[in-house]
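Read the structure below first, then the notes.
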Amino acid sequence: MSNITLLVPIHVDALCLSQEYAVAEAIADFTKLPYFDGEAFQPNDCTPNLSDSITRDPLAQPSLPL
């Protein structure tokens, strides 16, 4: 058997920061939603399956440090 090499071209955009910079977090936190684990429905902190319960305030101050 011979060795096979697969080369996949990719393009990467990066931002190099010289100091910490605060950015906005993701709009939704899907970890708060109930989920199905393959066997049974698992509630997650009794959060209803509504978008109001997982979204953050879009006008909140940036709090995620890069």
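Each value in this text was obtained by applying a stated rule to the coordinates, not by laboratory testing. Just so it is clear, the model here is predicted, and its values are computed rather than measured. Glycine gets a Cβ as well: all are built from the backbone with ideal geometry, and neighbour counts include every protein chain shown.
Suppose each label sits 7 Å from its Cα in the direction of the beta carbon; what would the Leu66-Cys16 distance come out to in nanometres?
1.5
Quick one: if you stick a label point 7 Å off each Cα along the C-beta vector at Ala26 and Thr5, how many nm between them?
3.6
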